[in-house]
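Notes follow the structure.
The values are calculated or read from the model by the stated rules, or taken from the named source; none is laboratory data. Bear in mind that the values here come from a model prediction, so they are computed numbers and not experimental data. Using ideal geometry, Cβ is built from the backbone for each residue, glycine included, and neighbour counts are taken over all protein chains shown.
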Amino acid sequence: MPSQPSFPHEVHDYIIDFLFDDKKALSTCSLVSHEWKVTSQYHLFRAVQVCHPTKVSAFNSFLRGAAHLRGFVRDLTLRGSGVSNGTSFDDQLLVTVRDISFLASQVPRLKSLSIDGMWWSDTTPAESQETIAHEAIARAASRLRRLSIRKIFTTPDALLDTICLFPAIAHLDIERVYWTHDIDRRAAAAAPCAPDATHALPTLGSLRVGPGSTYSMLCCFLPLVAKRMDVAALGTLALEFEHFDAGEELLAFLRTVAPYLRHLSLKFGKYAMSGNAAGAGLKELRLSSLSALQSFQVYLPGEDDDAPHPPRSWTLLRSILPLLPPSVSDLTVVHEMQLEVLRSRLSNVDWELVDNLLAGPAFGALADVTIRATATGARRFCCFPSDDLWDYPEGNHEQTQAFFAQNLPQLTARGILSVV
């Protein structure tokens, strides 16, 4: 018989699982109850954030002395102070490829890594033997599947050195990346890349390049991805354009992934498609060459409610549709128009042309057309301040559905049109 009364082990596990998201309670209870220690550590260290001003090197030192905790970490966030105008260089959280590689080698069960608001101090590709050794260990040990990088200052080589630490990334999400010095994008794209004789090229399953990054960043980044990673596994690509330009680097990348890409998403900002060259730029993308493409999603830019110009966003859609390959079976259109604006702006759209195109032989494989609104409310005008100026009556969604059903009768008759 134990000298002290104790709950059954199953009761301890039940209580800990109930408190898994309350780290303060778990920490306190694990200090006073030895029976809670091992099980509570699983929850306490499963998701870890290393936040400014704590340095990555300091967290690495902590891991050296806590080997028993390394296997618990599944979700890791490295968070700096961001890239806002009020943030000085001294306030940035500096990091190196060596820091990341050593960290990756210490947490072999890591599934998700998020790097937010960092400044890479590397300016050239890693060359030291110690760094190369850490990179090899990281690649051999890594099980990382999801990598998110946003609001960072770095160089193309340092960024790819970091990404290539992980041999099989399922999802790579990049947003607001800025180069720390001027980059000759042509020289960067043409620079030789020494092959790694001991390791296969890392694979990449899904790539999203979000808003905020400059187009010069995109034109330096994509050629290096094609050169240093095995893009044959790339099945999903999402690109967001604040200012659209069908540069030769983007076109070359699309040609490289054309045989493999199954899902493509393009998002255009409000001013991305201004100018007469927009239509010609879309044609240069040669979307019809994406022979494996099954799903296509396009985000149409928002429009100024008071502007007298015609509905450019839906004109953009009409320009894109004939460029798609016949293999597309799933088409999604996302727009930002309110219901009353939708009615007035789309009254002059040639819906018969759109309906005939989508229901015709050019889209014989089409099985699902989804039109999704990011905002479907009706503006509620009032003469007093209010935190909620948008009203969402239940009839709005039905009216929007009826609007598209009336204008796209063939798609409606086939039962493949949905408005959400």
query = In this structure, is residue 11 over 34 Å from the mean Cα position of the chain (by Cα) and either at pLDDT below 70 or not polar (S, T, N, Q) (or both)?
reply = yes
note = Of the residues in the range 143-174, those that are part of a loop (DSSP other than H, G, I, E, B) and among the basic types (Lys, Arg) come to 143, 145
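Residue-wise test of (1) charged (D, E, K, R); (2) at pLDDT 90 or above; (3) surrounded by 18 or more Cβ atoms within 10 Å (Cβ to Cβ); (4) over 18 Å from residue 296 (Cα atoms).
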residue: 225; (1), (2), (3), (4): no, yes, yes, yes
residue: 230; (1), (2), (3), (4): yes, yes, no, yes
residue: 241; (1), (2), (3), (4): no, no, yes, no
residue: 254; (1), (2), (3), (4): no, yes, yes, no
ask   = Would a scan of the range 21-31 turn up a residue that is at pLDDT 70 or above, of a type outside the set (A, V, I, L, M, F, W, C) and not assigned by the TED database to the domain that holds residue 114?
value = yes
task = Name every residue in the range 292-323 that is modelled with pLDDT of 70 or more and either farther than 18 Å from residue 265 by Cβ or part of a helix (DSSP H, G or I) (or both), in order of residue number.
result = 314, 315, 316, 317, 318, 319, 320, 321, 322, 323
task = Pick out the one residue from 330, 368 that is at pLDDT 60 or above, crowded, with 17+ Cβ neighbours inside 10 Å and within 19 Å of residue 413 (Cα to Cα).
result = 330
remark   = residue 227 fails exactly one of (1) out of contact with any Asp or Glu (no Cβ under 9 Å at 6 or more places or on another chain); (2) assigned by the TED database to the domain that holds residue 335; (3) among the basic types (Lys, Arg), namely (2)
ask   = Among all residue pairs at least 6 apart or on different chains, which show Cβ distances below 8 Å where the first residue, located in the range 103-123, is within 13 Å of residue 50 (Cβ to Cβ) and the second is of a type in the set (D, E, K, R) and part of a loop (DSSP other than H, G, I, E, B)?
value = 110/74; 110/143
query = Quick one: what pairs do we get from the range 305-333, first residue of a type outside the set (Ser, Thr, Tyr), second modelled with pLDDT under 70 and assigned to a loop (DSSP other than H, G, I, E, B), C-beta under 6 Å, 6+ apart or different chains?
reply = 316/273
Residue count for the range 371-385, restricted to those that are modelled with pLDDT under 50 and under 24 Å from the mean Cα position of the chain (by Cα) = 0
